[in-house]
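Enquirer: Here it is, the structure, as structure tokens.
The values are calculated or read from the model by the stated rules, or taken from the named source; none is laboratory data. Just so it is clear, the structure is predicted and the values come from calculations on it, not from any experiment. Every residue, glycine as well, gets a Cβ built from its backbone with ideal geometry; the counts of neighbours run over all protein chains shown. Areas reflect the complete protein model, heavy atoms only, side chains present, ligands, DNA and RNA absent. Shrake-Rupley method; radii C 1.70, N 1.55, O 1.52, S 1.80 Å.
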Amino acid sequence: MDNTFVDQFSENIKFNYTCFDRVIIRGYIRSFFSIGYIVIFLRSLGFSKPSNGVMRIVTDQLNTHISKQAAKYDIPIFWWPAVDGGTDGAKLQYVQKHYANGFQGKGNFVFCILGDKEPVQTMAARELTSKNGKKFHRLYKCRKPVKQYYIYFHDEILGGPCYLKISSYLPFPCEFYFNGHNYIRHQLDQKGMFYKMKDNAFTETDDPQALQEAAQQINGRLVQQRIDYWMNRFFKFDKGKYSTRSKYLKHEWYLSQVEVCSNLIFKSSRFSTNLFERLIDKFSRVGWPDSIAQIFSKRPARSISKTFRRLYDNNACIKHWFRGNSIKQYNKTGYLIRTETTINNPKSLGLQKPVLYLQAYLWFGLGCNNRLLDCCADVDVTSICEGQTDIFKKPVTDHLDKTVTPPDLRKERQFELCEELLKPKYSVHGFKTADIANALPHYFRNSTQIRYELKKLIVRGVVQKKKSQSFYEVTQLGWKWLWTSITSITYFENPIISKTFQNEVLQTLAQPSLFEEGYDLIQQGLSRITQELALNL
């Protein structure tokens with residue numbers, strides 16, 4: 001990836017790569033788009049009338065061949081509504097869970113075949129009567145439920161699981177699916193390289209360059225060869241002692257949906273999460289028609305551009321639509337920010353649909369991802385927290401493995417103690433619990449209460465005991481935290497809360513991108529407060 005976002009955060013990024021994710025390819029017998037050609041085809045098979053019964057004979061031959069293949073290679077066949085019946089990727093999840101996970105085999109191996117009924121564009125015959133009273137059959141196009149075979153397998157080149165979907169009725173539309181991550185994993189396994197994956201993302205590898213090179217090896221010719229292999233194996237028609245397929249039943253394959261993802265794996269999950277939250281706040285405006293058109297490098301399409309915020313695998317996601325295509329960005333595993341272009345309408349982007357143009361989709365998607373990441377590069381790194389302050393907000397354990405609650409400055413006793421510890425008189429010689437008791441008699445009745453509140457600060461490194469002495473002292477980290485917390489409450493939170501109770505008009509922020517300017521103003525204000533108070537961090 002070549003963009004300013006990667007350059008800006010290179011010190012925080014472990015490695016990055018771009019590859020295909022989901023790729024769906026659909027196959028059609030183009031001549032069967034014509035009803036007249038189907039009539040000619042049936043006559044060439046020896047059928048004089050194009051009736052529903054005749055077309056059913058062809059379907060039964062296909063069903064028989066698939067059943068024989070399943071019996072020959074001991075492939076289980078399930079009726080999907082009886083097994084699970086879920087939608088939206090449930091079939092792939094089912095196969096992944098019961099067959100593909102932990103699969104260590106090599107070569108071509110079929111996991112299972114799932115049968116289902118789906119409404120598709122198909123053919124039907126209707127019996128009509130002419131004016132002379134003679135009956136005849138006429139074909140017409142219709143949409144009705146047709147049995148579909150989902151054949152899930154591990155491919156010796158593309159890895160797995162992949163699937164080949166075959167419609168059992170004329171005009172036999174088919175579909176092929178593979179995932180680019182599975183291909184890369186298969187290539188790395190063959191080379192014996194180390195890597196780790198979480199879901200469908202690489203999170204560790206000893207050679208990121210080899211991973212990227214494997215991603216670029218996928219091309220349309222390679223995919224076409226694998227499709228032809230599986231079609232020659234399963235798309236045939238049983239003739240009794242053998243199975244065959246007419247030369248007229250040749251599918252042409254076109255790219256239907258291609259996902260190109262750019263993955264940034266960060267060294268720190270906390271940094272990655274905080275950075276992505278800033279991106280969500282600041283760059284929602286990218287979804288405006290003019291902006292999203294620049295991302296796709298096309299002319300604006302105002303009526304068909306939109307932006308959504310939604311959950312994607314329980315993670316926040318911003319998704320922008322443009323002419324039926326989309327680009328989204330989400331924090332996938334906590335330390336992996338994924339930018340993904342999904343091409344559903346290639347013609348609107350000037351791309352060709354035949355499968356041989358597959359690699360052009362990779363470079364186009366990479367360009368879109370880079371342009372979106374370039375827009376996201378304008379983020380102030382100094383305002384991103386990597387979690388150092390969590391010890392002051394969450395419970396921690398002491399040396400006896402006992403849980404110690406965090407200091408709560410909303411309590412007056414704790415607030416007064418912290419404010420007292422900032423006084424210069426304690427910075428030289430330190431202090432004892434008796435000094436705090438004498439200074440704050442209205443807040444602490446005995447030394448036990450003081451030690452209880454001090455323990456919250458001691459286990460977090462705010463206060464420490466001097467060596468070989470009975471005095472306590474405030475550490476440098478503790479002094480910074482005490483000053484920041486007290487100043488924030490006294491000079492920042494309380495004044496703002498007070499102003500809201502004066503019924504003044506609250507100005508709403510029109511553009512999230514102005515958050516950056518707001519952070520700068522806060523920094524300037526805090527610097528001014530520091531100077532006025534004659535304090536130096």
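Enquirer: Among helices (runs of 4 or more DSSP H) lying entirely in the range 369-443, which contain 3 or more residues that are at pLDDT 85 or above, open to solvent by less than 30 Å² (accessible area, probe 1.4 Å) and at negative phi?
Expert: Once the helices (runs of 4 or more DSSP H) in the range 369-443 are filtered for at least 3 residues that are at pLDDT 85 or above, open to solvent by less than 30 Å² (accessible area, probe 1.4 Å) and at negative phi, what remains is 412-421.
Enquirer: From the set of residues in the range 96-127 that are charged (D, E, K, R) and open to solvent by 60 Å² or more (accessible area, probe 1.4 Å), which is farthest from Lys147 (Cα to Cα)? First the steps, then the outcome.
Expert: The initial filter retains those residues of the range 96-127 that are charged (D, E, K, R), namely 97, 106, 116-118, 126-127.
Okay, now just the ones that are also open to solvent by 60 Å² or more (accessible area, probe 1.4 Å), so 97, 106, 117, 126-127.
Working: Lys97: 24, Lys106: 30, Lys117: 4, Arg126: 21, Glu127: 24 Å.
That would be Lys106.
Enquirer: Here's a follow-up. Determine which single condition Tyr195 fails, assuming it passes every other condition in (1) surrounded by 16 or more Cβ atoms within 10 Å (Cβ to Cβ); (2) over 27 Å from the mean Cα position of the chain (by Cα); (3) farther than 18 Å from Val23 by Cβ.
Expert: Exception for Tyr195: condition (2).
Enquirer: Say we look at the range 444-468 and pick out the residues that are crowded, with 18+ Cβ neighbours inside 10 Å and touching a Leu at 6+ places or on another chain (Cβ under 9 Å); which of these is modelled with the lowest pLDDT?
Expert: Step by step, filter the range 444-468, then rank; the result is Arg460.
Enquirer: In the range 59-70, is there at least one residue being in contact with a Pro (Cβ under 8 Å, 6 or more places away or on another chain) and either aromatic (Phe, Trp, Tyr) or in a helix (DSSP H, G or I) (or both)?
Expert: Looking for residues that are in contact with a Pro (Cβ under 8 Å, 6 or more places away or on another chain) and either aromatic (Phe, Trp, Tyr) or in a helix (DSSP H, G or I) (or both), one finds at least one in the range 59-70, hence yes.
Enquirer: Only one residue in Gln209, Gln187, Gln216 is more than 22 Å from Cys174 (Cβ to Cβ) and free of Cβ contacts under 8 Å to residues at least 12 places away in the same chain, so which one is that?
Expert: On the way: Gln187 fails: free of Cβ contacts under 8 Å to residues at least 12 places away in the same chain; Gln216 fails: free of Cβ contacts under 8 Å to residues at least 12 places away in the same chain.
The match here is Gln209.
Enquirer: Given the condition part of a helix (DSSP H, G or I) and either over 21 Å from the mean Cα position of the chain (by Cα) or at pLDDT 90 or above (or both), answer yes or no: does some residue in the range 250-266 qualify?
Expert: No, every residue in the range 250-266 fails to be part of a helix (DSSP H, G or I) and either over 21 Å from the mean Cα position of the chain (by Cα) or at pLDDT 90 or above (or both).
Enquirer: Output the number of residues of the range 112-138 satisfying the condition of being touching a His at 6+ places or on another chain (Cβ under 7 Å) and either at pLDDT below 90 or among the aromatic types (Phe, Trp, Tyr) (or both).
Expert: 1
Enquirer: To continue, here is another question. Mind checking which residues of the range 281-294 are in contact with a strand residue (DSSP E or B) (Cβ under 6 Å, 6 or more places away or on another chain) and modelled with pLDDT of 65 or more?
Expert: Answer for the range 281-294, where residues must be in contact with a strand residue (DSSP E or B) (Cβ under 6 Å, 6 or more places away or on another chain) and modelled with pLDDT of 65 or more: just Ile292.
Enquirer: Conditions first: (1) outside any strand (DSSP E or B); (2) touching a residue at least 24 places away in the same chain (Cβ under 8 Å); (3) of a type outside the set (Gly, Ala, Ser). Lys131 passes all but one, so which condition is the exception?
Expert: In the conditions (1) outside any strand (DSSP E or B); (2) touching a residue at least 24 places away in the same chain (Cβ under 8 Å); (3) of a type outside the set (Gly, Ala, Ser), Lys131 misses (2) alone.
Enquirer: On the basis of being closer than 27 Å to Gly220 by Cβ and outside any loop (DSSP other than H, G, I, E, B), does Arg43 make the cut?
Expert: no
Enquirer: Please identify the pairs in which a residue from the range 454-482 that is within 11 Å of Phe431 (Cβ to Cβ) and assigned to a strand (DSSP E or B) has its Cβ atom under 9 Å from the Cβ atom of a residue that is at pLDDT below 85 and basic (Lys, Arg), counting only partners at least 6 apart or on another chain.
Expert: Tyr472/Lys466; Glu473/Lys466
Enquirer: Would you check which residues across the range 79-95 are open to solvent by 60 Å² or more (accessible area, probe 1.4 Å) and modelled with pLDDT of 85 or more and list them?
Expert: Within the range 79-95, Trp79, Pro81, Ala82, Gln93 meet the criteria.
Enquirer: Check the range 74-96 and report whether any residue there is touching a Lys or Arg at 6+ places or on another chain (Cβ under 8 Å), aliphatic (A, V, I, L, M) and assigned to a strand (DSSP E or B).
Expert: Within the range 74-96, none of the residues are touching a Lys or Arg at 6+ places or on another chain (Cβ under 8 Å), aliphatic (A, V, I, L, M) and assigned to a strand (DSSP E or B).
The rows are residues; the columns are (1) at pLDDT 95 or above; (2) more than 24 Å from Val223 (Cα to Cα); (3) open to solvent by 10 Å² or more (accessible area, probe 1.4 Å).
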| residue | (1), (2), (3) |
| --- | --- |
| Leu311 | no, yes, yes |
| Asn314 | no, yes, yes |
| Gln352 | yes, no, yes |
| Gly365 | yes, no, no |
